[in-house]
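A.B. asks: One structure, as structure tokens, below. Some questions next.
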Amino acid sequence: MEKIIDDVRRDAIAKLKKATDTKNKLLQSAEQIIMLAETARQRGLLALEEIVENIESDYAKQLITLMIDGTDPVIIAEIATNKYWTDAPEDVQAMIYYIYLRGILGIQSGEHPKLLEKILLSLIPIEVCEEYKAWADEREKKSQIRYENAIREKQSHIRYENAITEKFSNISTQFSSENTLKSISDLENQLQMYPNPSIQRIARDIDNRTWAVCVYALKGEKHCKMQSKLLDNISKRTKNIIMEDVVFNPPINETEICDSIAKMLSIIHQLQKSGEICKVY
């Protein structure tokens, strides 16, 4: 198979030497392969499904689809070389066929995009290489800018989350109603009997506001263990939403606390009855 592929390479090089206009089409095919290689390395071969429909070359589409489907590289190479000799591309188109062939096989075998880039650039004229390098440098600069912006955004988000967490921790609660205190005690007694998987199942049936109010009701040193249990068994995103709800929304009154606890206890009872959650004594 290596000899068959090499025959295609030699034929493509010979035909490229006779071509008059090589620049744009060669650049486009090389750029596509490198972007495919980088995407596959970062996100896996299945991520190429999002890109393949935007590629104009039917030849490239066929090879990429075969690769995504997990077709053996030998079979891909056979199909690709058969298509090459059958379609009989001329001039620059012959080299484009080979670039797609060599690029797809390189991506499938896990070659590093930088190495694959050097291999592809060795196939095209020096003046086209210079333009490609200028394009690659510009792309690298834009990528670096995006990376730096993402880092700054993440740092800003972390500072915001820390500020919310601090404000949430500093909120004090004081309940005077015996009914409220009994509701909180009932909730705590119920929660401590269920393992974490059951708490996660309960969370699926309760809206964020109810969960937030129950978390608020369990504030304070006496109930901190149960409050942590509620917060640790939901996603980080939902946890942040709940803390924001407590921090920024109007003060939570004791009536809403009792209503929310009653709603949670009712759902716990329903899930217990249906066997979807179970107690651990």
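A.B. asks: What trypsin sites (Lys or Arg not before Pro) does region 2-90 have in DSSP loop regions with at most 14 other beta carbons within 10 Å?
C.D. replies: Here the sparse-neighbourhood loop sites are 17, 18.
A.B. asks: Tell me the GluC sites (Glu not before Pro) within region 175-281 that lie in a loop according to DSSP and have at most 15 other beta-carbon atoms within 10 Å.
C.D. replies: The qualifying sites are 276.
A.B. asks: Tell me the Kirkwood radius of region 87-211: reciprocal of the mean inverse pair distance over distinct alpha-carbon atoms, in Å.
C.D. replies: Evaluated on region 87-211, it is 21.8 Å.
A.B. asks: Another question about this same structure. For region 53-129, go through all pairs of different Cα atoms, get the mean of 1/r, take its inverse, and jot down that Kirkwood value in Å. Before the final figure, lay out each step's value.
C.D. replies: Numbers: mean 1/r = 0.0765 Å⁻¹.
Its Kirkwood hydrodynamic radius stands at 13.1 Å.
A.B. asks: What value does region 188-254 have for Rg/Rh, both radii from Cα atoms and Rh as Kirkwood defines it?
C.D. replies: Result for region 188-254 is an Rg/Rh of 0.94.
A.B. asks: Using a 1.4 angstrom probe, figure out how much accessible area the chain has per residue, in square angstrom, rounded to the nearest whole.
C.D. replies: In whole numbers, the chain has 58 Å² accessible per residue.
A.B. asks: Give me the three principal axis extents of the chain from the C-alpha atoms, as integers in angstrom, largest value leading.
C.D. replies: Taking the Cα atoms of the chain, the three principal extents are 93, 41, 25 Å.
A.B. asks: Which percent of the accessible heavy-atom area of the chain goes to carbon and sulfur, probe 1.4 angstrom?
C.D. replies: That share works out to 50 percent.
A.B. asks: Roll a 1.4 Å probe over the protein heavy atoms and report the accessible area of residue 263 in Å², nearest 10.
C.D. replies: Answer for residue 263: close to 90 Å² accessible.
A.B. asks: Give the average over all directions of the projected area of the C-alpha convex hull of region 7-53, one decimal, in nm².
C.D. replies: Numbers: hull surface 17.6 nm².
That works out to 4.4 nm², a quarter of the Cα hull's surface.
A.B. asks: Take the alpha carbon atoms of region 1-58, find their center, do the same for region 157-183, and report the distance between the two centers in whole angstrom.
C.D. replies: 58 Å
A.B. asks: How large is Rg over Rh for region 1-79, taking Rg from the Cα atoms and Rh as the Kirkwood inverse mean of 1/r across Cα pairs?
C.D. replies: Value, to two decimals: 1.00.
A.B. asks: Okay, moving on. Give the residue from 202, 246, 212 lying farthest towards the positive end of the charge dipole for region 200-281; charges sit on Cβ (+1 for Lys and Arg, -1 for Asp and Glu) and the dipole is referred to the Cα centre.
C.D. replies: Highest projection toward the positive end goes to 202.
A.B. asks: Counting other C-beta atoms within 10 Å, and keeping those with at most 11, which DSSP coil GluC sites (Glu not before Pro) do you find in region 78-126?
C.D. replies: Sites meeting the loop and neighbour criteria: 90.
A.B. asks: Further question on the same structure: For region 52-58, in order, what is each residue's ³J(HN,Hα) by Karplus, 6.51 cos²θ - 1.76 cosθ + 1.60 with θ = phi - 60°, in whole Hz (x at glycine and Pro)?
C.D. replies: Each residue's phi maps through the Karplus curve to give 4, 5, 8, 8, 6, 5, 5 Hz.
A.B. asks: Restricting the calculation to Cα positions, tell me the Rg (one decimal) and the Dmax (whole number) of region 169-281 in Å.
C.D. replies: Cα only, region 169-281: 13.2, 39 Å (Rg, Dmax).
The values are calculated or read from the model by the stated rules, or taken from the named source; none is laboratory data. Because the structure is a prediction, the values reported are computed rather than measured. As a convention, Cβ positions derive from the backbone with ideal geometry for all residues, glycine included, and neighbour counts pool all protein chains shown. We work out accessible area using only protein heavy atoms, side chains counted, and drop any ligands, DNA or RNA first. Shrake-Rupley method; radii C 1.70, N 1.55, O 1.52, S 1.80 Å.
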